[in-house]
Every structure is written in C-alpha cells, then in structure tokens.
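Novice: Take this structure, written in structure tokens, and hold onto it; I'll ask about it next.
The values are calculated or read from the model by the stated rules, or taken from the named source; none is laboratory data. The structure presented is a predicted model; accordingly, all values stated were derived computationally and were not measured. Quick reminder, even Gly has a Cβ in these numbers, built from the backbone with ideal geometry, and neighbours come from all protein chains shown.
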2 protein chains.
Amino acid sequence: MPSMPRILLLGATGETGSSILDGLLEANKYNLEVLVRPSSVRKEAVKAIQDRGVKLRVTDLSASEDELALVLSGIDILISAISGYDQLSQKTLMRAAKIAGIRRVVPCAYGTIAPPQGVMLFRDEKEEVYNEIKRLALPYTIIEVGFWHQLSFPRVSSGRLDYAVLQQDSTTIYGDGNMPNILSDLRDVGQYVSRIIDDDRTLNKHVYGWSDVLTANETFAIVEELSGEIIEKEYVSSQQLEATLERARAEHSKNPKDPTKRLDFYILQTMYSKYVRGDNQPSYAKYLGYLDARQLYPDFKPISFRDFLAEAFEGKAKRPYAQLTSGASLQH
Amino acid sequence: MPSMPRILLLGATGETGSSILDGLLEANKYNLEVLVRPSSVRKEAVKAIQDRGVKLRVTDLSASEDELALVLSGIDILISAISGYDQLSQKTLMRAAKIAGIRRVVPCAYGTIAPPQGVMLFRDEKEEVYNEIKRLALPYTIIEVGFWHQLSFPRVSSGRLDYAVLQQDSTTIYGDGNMPNILSDLRDVGQYVSRIIDDDRTLNKHVYGWSDVLTANETFAIVEELSGEIIEKEYVSSQQLEATLERARAEHSKNPKDPTKRLDFYILQTMYSKYVRGDNQPSYAKYLGYLDARQLYPDFKPISFRDFLAEAFEGKAKRPYAQLTSGASLQH
C-alpha cells in the first residue's frame, strides 16, 4: 500500500477548518497535521484536535518564507482555511510551499461564486493569493461551496430557530427574492474537500461543491412549510441595498483599518453579489471555468437545505461562530 | 444559409491587427468592419483597408459607454488588437459591448504565455481588462501566440538579414540559451484568430496558437545552418538580466509616465519572463488552463520557424514596425 498523503491544514479551529478536519479524518486515507500559531497551542480547541490523534506544527505566519518552508517539510498537500482577515498572509506561505516542494496547495476560498476583482473585497484579496500561486507555478485547487445552509434561513415568529440563527437580517428578502443561489451545508465542505484534493481531475482547477440552488423565496417557503408558521418578511429593494452598500463603501474608505467598517462593507458586498448581481449560480460558475463537484462525485449525497432545516426544527442545528454574539454573517 | 457573423476589429492597422484582418478576410465567412479613431480616417493604411471592401465605424475610445454601445450595435464579435499603451481603454469598451449584447469579445492578448499578475506590466493591465469582462459575464476568448518568428532571429555577419531585424539585442543569448519558447509567425496570428473566434469550444476559454517551441540555441543553430555563417553571440547571464531589469524598474517607477522608460522596463520584463522564468512554454500554458490551438485545428499547418527563416534569406521577410527605426521589440 502506498503511503498516505501527508496533509497540513491551516485554520483547523475555524468554522470551515473544523468541517475540513472532520472530512479528512473521516476519509481515513490521509496523514493529517494542523498548523497553529504559538499563541494557540494551549487553546482548548487545539487540544481537542490533538486528542483526535492529529499532530501539530507550530509557526507564526509572519515568519520568513525560508523558515516557513522548513515548517512545511514533508507535506504533500497544504490546505488553508485561514481567517478572512488574514488572506494576504498566505502569499508568503505559498512561496514557502514552492520551496518545500508541496504537491498541491488549496488556498482559502470556500465561499460564493464571484468575479475575481472589483465586486467583493475579500475575493479581491484571495485573487492576489491565487495570482501569487500562478506566478510560482504551484499546483493548486480552488474550492468554493456557495453560501452555507447554516446562514441561509430566517427566524420564525415562535422563536424556535433563534438558537441557531446568527445574522440580524435573517428575515430580510433582498430584491424580489427570486435570485437563485448555490447552497451547501457547512458539514459537507470537508466532505467535498477530502474528495477534491486527492483527484487528478481537479489539479490546477477551480471546483465548486453544492447541495441546492434555491432562491430566498424558495428557502423561506420551505421554512414556512416545515414550521407551519408565517415568516414576517422585510423587503429591501435592490436600489436600497445598493445605496446602503455605497454608504458602507464610503465609510470603509474613510476608515480602511477599522475592522467593523470593513466587515459591514464586505457583508453588504456579498449580499449585493448574491441577490442583485446574481453571481452565486451554476451558470456563472461554469462561465468562470469551475468544475461541478456533483458531476465529479455522483455517489456523494450532500445534505439538502430541507434536511438541514428539519434537523434545525429538532433543535440539532449549531449556530456558526458560537463565540460571537448574534449579528455578523461573514462566512469563513 | 445563415447570415455571416458581423465582426468589428479594433487596431486593424497595427502589426497584429493587420494579420487578423488578413486572416478574417481570407476565411471569407465573416462580415468584417473595422473601428477607427476620427483622426485616423484619412490615413493611407485605413484607406487601403476600405479598398478591400471593409467598412469603417468611427469613434474615439474616450467616448462614454452608452455612445460606444451605439457604435457597436449589430456587431456579433468584437476583436481588439489595440496598442500596448491603450490596454486599459478597453474597459469602457467592454462595458459598452455588454450593453450592445455582443456575442463574444476577444480582448487584446496575442502575446507570450505569462502569469496574470506581477511579472509583466502590460500583462497586468490586460488582466484588469479580462477581470472587467468576467465582472460583466461577457462571453470572451483570450488568444495568445507566443513570440513572433519575426522578432526571434539574429543578425548574421554578412548583413543579409539586417533588412528584417528590428531589435538591437538580436544576437544576445540570455541565460544559457536553453529555455524553450513558444513561437508563431506573425502571419499565422490571423489564421488562428479566424478559426478560434467561430468555435464553440473556445468560448470563455484561453487558447494559444503556435508553430514551434524552440530555445535560442536552437533558433541560432537554424540560422547558422541556413546561412553557413557563424553568429557572433553575446551572452547576458540571468543575474545580469535581473540586475538590468531592476534598474529599469527603478527608472520606470521614478518616471511612470515616460513612455521610453516604460517600454524599456516592459521589454526587459518580457526577456526575463521568456528566458529566466521560462513562462512562455506549453507546460505553463496548460497549467494556466489554456487550450492548444494545434490540437483544436490539426489540419492547419502553421509557418515553421525554419520556413520563415528560409524566406528571410530570400529577402522576403518584412520587418515589423516598419515605421520605427531599429531598436524596440515590443510585440503588438
């Protein structure tokens, strides 16, 4: 039996990273290690990962590329699920990966389908990382998953779903509510990643995983059907969303270092991309050259939005970013 | 018989544009028109195009996108072979193309294979145009051709090739001379374009055409073999080229608006990309996702470097940029 690929995962304690960790461990065909900062070594979440038999490699990402290359030695596949705020720190890491001879890098993506430049701030930063990878001629795969089920359903009047809802605007319908969006269950992200990274067909390609393509009107109807409740919807027109976005853009550009203004701006950009531009759809993914993971892995059955919702009504959903109070809805 | 696609060509009097014009007319299956500036209408080169039965559309590219959209009305395919200095003016044109409902745009590319960002100035600007196209979800094809035969051969001591040589560094070998490069005859650019733009397989794809993949040592050996002369080669090491490039970068960044310093910098970047990085190769094109036009059109026989050279020794070659004195070697 050939030796199992050695994988290093960065960001394993985050929402996406946790799903990837689960997916890779479940696949039972990888030697998995995680990369953590010195300041994180003693964290409970990191200890919990070690308890599952996963080894740590420890470094600060601000280290030089030569130092980072030593940290990466012996790794076959590097997977990054780094925080949305640290995207650009991946550039040095990719140069280190080149020195270390990594066979495939998977830079942080795992979001909605969107154009490479000029629509979403964090997407623009990711593109810089992708371009660094291409400049280095590093073998890569970029994986998107659309928007999570876990951030795509509204509160109901009885309050039964409040325990699981993160975002303040959960009952808002942007535009006419008829724009389709690619959706995935957060737990399936790791399932897709574990299949995609070990597949020659996905080398140097963009791939997206998904379970459903639904409009807000459709997701709200499923919630109403399963709950027997009528959702009190708020409507925000495309023009209103655009005006709010422009105000957030101005605020951000006045205070580019203010993380709150940056996050506000980014969230509104995401809403605009999803609901007005309509970027997060299979047709646009195909236009941009993405492979469809459902076509690559026809045997895999992702968790549908309806099944996720049924679990949520049974009290089994988990609010993302449990450490945060309700409010933000940055998917990472 | 279905009506022939209506094509609008921008830059038809340039080196690349002329080849494309020839290729499209020869294909005899397109309704061809050319886009010219008001100031160019009376030029001899434009009149010569009209004499071949090609209609003009006249506009300044600084017009608004709505005005440009009117100029583009009724066009199926927009092909740009704009000057290297005006790349970014294509952004407004692409927005106009979206309004006008153009079926396919072919933005200016026609160069060497190179990474999207950070290696070649004009390539970076082209990427901005490509990203504008993707933001607009405009159907597109990007066509590269490697470096021209016409700029890829050295002077010989007898002076027999001087009439056709443009660049000052024609007898220089950069590095060890063993880096392979994709080459095309300038006359084949239009042949490739006329095939690629009418092919569903190339929609929303990057494609490269080529005739040979040769190192400088190989091209020099062909010249020596065909001439019976020994070329007096000058060698510039990779380190020397890198140092010269860094000086040119500094000069350019001190005088970003000086076109000479910009051209010097760009030419050195191109040499660095071709001979040190080794970007302009089929393996890197494949990595970047390019389709190979030789595989798409196996019946087409491009003009080989050797055949081009044999013509050159018969006095039948044409120096590119005849209006320039010898010196520059910007391929456009």
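Novice: I'd like the residue in the range B:203-222 that is in a strand (DSSP E or B) and not hydrophobic (A, V, I, L, M, F, W, C) and, out of all such residues, is farthest from B:TYR275 (Cα to Cα).
Specialist: Initial filter on the range B:203-222 (in a strand (DSSP E or B)): B:205-208, B:212-214.
After this cut, where a residue has to be not hydrophobic (A, V, I, L, M, F, W, C) as well, the list is B:205-206, B:208, B:212.
Working: B:LYS205: 26, B:HIS206: 23, B:TYR208: 19, B:ASP212: 16 Å.
Among residues in the range B:203-222 that are in a strand (DSSP E or B) and not hydrophobic (A, V, I, L, M, F, W, C), the one farthest from B:TYR275 (Cα to Cα) is B:LYS205.
Novice: Here's a check for you: in the range B:27-62, which residue that is without any contact (Cβ under 8 Å) to a residue 24 or more places away in the chain and part of a loop (DSSP other than H, G, I, E, B) is farthest from B:PRO139 (Cα to Cα)?
Specialist: First, pick out the residues of the range B:27-62 that are without any contact (Cβ under 8 Å) to a residue 24 or more places away in the chain: B:28, B:38-39, B:41-42, B:44, B:47-48, B:50-51, B:53, B:55-56, B:58, B:60.
Now narrow it down to the ones that are part of a loop (DSSP other than H, G, I, E, B): B:28, B:41-42, B:53, B:60.
Values: B:ASN28: 23, B:VAL41: 30, B:ARG42: 33, B:GLY53: 28, B:ASP60: 24 Å.
Ranking the candidates gives B:ARG42 first.
Novice: Please go through the range A:73-96 and pick out each residue that is in contact with a Gly (Cβ under 9 Å, 6 or more places away or on another chain), under 22 Å from A:ASN204 (Cα atoms) and not β-branched (Val, Ile, Thr).
Specialist: Those that are in contact with a Gly (Cβ under 9 Å, 6 or more places away or on another chain), under 22 Å from A:ASN204 (Cα atoms) and not β-branched (Val, Ile, Thr): A:SER73, A:SER80, A:ALA81.
Novice: Next question. For residues that are of a type in the set (A, V, I, L, M, F, W, C) and crowded, with 21+ Cβ neighbours inside 10 Å, scanning just the range B:101-121, find the one that is farthest from the other protein chains (Cβ to nearest Cβ).
Specialist: First pass over the range B:101-121, keeping only residues of a type in the set (A, V, I, L, M, F, W, C): B:102, B:105-106, B:108-109, B:113-114, B:119-121.
Now drop any that are not crowded, with 21+ Cβ neighbours inside 10 Å, which leaves B:102, B:105-106, B:108-109, B:113-114, B:120.
Numbers: B:ILE102: 15, B:VAL105: 13, B:VAL106: 16, B:CYS108: 18, B:ALA109: 16, B:ILE113: 11, B:ALA114: 9, B:MET120: 11 Å.
Checking each candidate, the answer is B:CYS108.
Novice: While we're here: Taking the range B:150-171 as the search range and keeping residues that are surrounded by 18 or more Cβ atoms within 10 Å (Cβ to Cβ) and touching a Gly at 6+ places or on another chain (Cβ under 8 Å), which one is farthest from the other protein chains (Cβ to nearest Cβ)?
Specialist: B:LEU166
Novice: While we're here: Under the condition of being more than 14 Å from chain A (Cβ to nearest Cβ) and buried (at least 19 other Cβ atoms within 10 Å of the Cβ), which residue from the range B:272-297 is nearest to B:TYR192 (Cα to Cα)? Don't jump to the end; show me each part of the working.
Specialist: Narrowing the range B:272-297 to residues more than 14 Å from chain A (Cβ to nearest Cβ): B:274-275, B:292-297.
Pick out the ones that are also buried (at least 19 other Cβ atoms within 10 Å of the Cβ) and you get B:274-275, B:293.
Numbers: B:LYS274: 22, B:TYR275: 25, B:ALA293: 7 Å.
Top of the filtered list is B:ALA293.
Novice: Counting just the residues of the range B:124-149 that are within 13 Å of another protein chain (Cβ to nearest Cβ) and touching a residue at least 60 places away in the same chain (Cβ under 8 Å), which one comes out nearest to B:LEU166 (Cα to Cα)?
Specialist: By that ranking, first place goes to B:ILE142.
Novice: Another question about this same structure. Tell me, please, whether a residue that is surrounded by fewer than 18 Cβ atoms within 10 Å (Cβ to Cβ) and modelled with pLDDT of 95 or more can be found in the range A:186-199.
Specialist: For the range A:186-199, residues surrounded by fewer than 18 Cβ atoms within 10 Å (Cβ to Cβ) and modelled with pLDDT of 95 or more: present.
Novice: Here is a follow-up. How about the range A:185-222: which of its residues are within 14 Å of chain B (Cβ to nearest Cβ) and touching a residue at least 24 places away in the same chain (Cβ under 8 Å)? Don't jump to the end; show me each part of the working.
Specialist: Residues of the range A:185-222 that are within 14 Å of chain B (Cβ to nearest Cβ), as a first pass: A:200-207.
A:ARG201, A:THR202, A:LEU203, A:ASN204, A:LYS205, A:HIS206, A:VAL207, listed by residue number.
Novice: Could you name every one of the helices (runs of 4 or more DSSP H) located completely within the range A:223-332 that has at least 3 residues being in contact (Cβ under 8 Å) with a residue 12 or more places away in the chain and within 25 Å of A:TYR163 (Cα to Cα)? Can you show your working first?
Specialist: On the way: elements: A:238-254, A:259-271, A:282-287, A:293-296, A:305-313.
It comes to A:259-271, A:305-313.
Novice: Quick one: B:SER211 ticks every box in (1) crowded, with 21+ Cβ neighbours inside 10 Å; (2) of a type in the set (Gly, Ala, Ser); (3) under 25 Å from B:LEU268 (Cβ atoms) except a single one, so which number is it?
Specialist: Exception for B:SER211: condition (3).
Novice: Do the conditions hold for B:ILE182, that is, is it touching a residue at least 12 places away in the same chain (Cβ under 8 Å), surrounded by 21 or more Cβ atoms within 10 Å (Cβ to Cβ) and farther than 27 Å from B:ARG95 by Cα? Before you say what the answer is, go through the steps one by one.
Specialist: Numbers: touching a residue at least 12 places away in the same chain (Cβ under 8 Å): yes; surrounded by 21 or more Cβ atoms within 10 Å (Cβ to Cβ): yes; farther than 27 Å from B:ARG95 by Cα: yes.
Yes.
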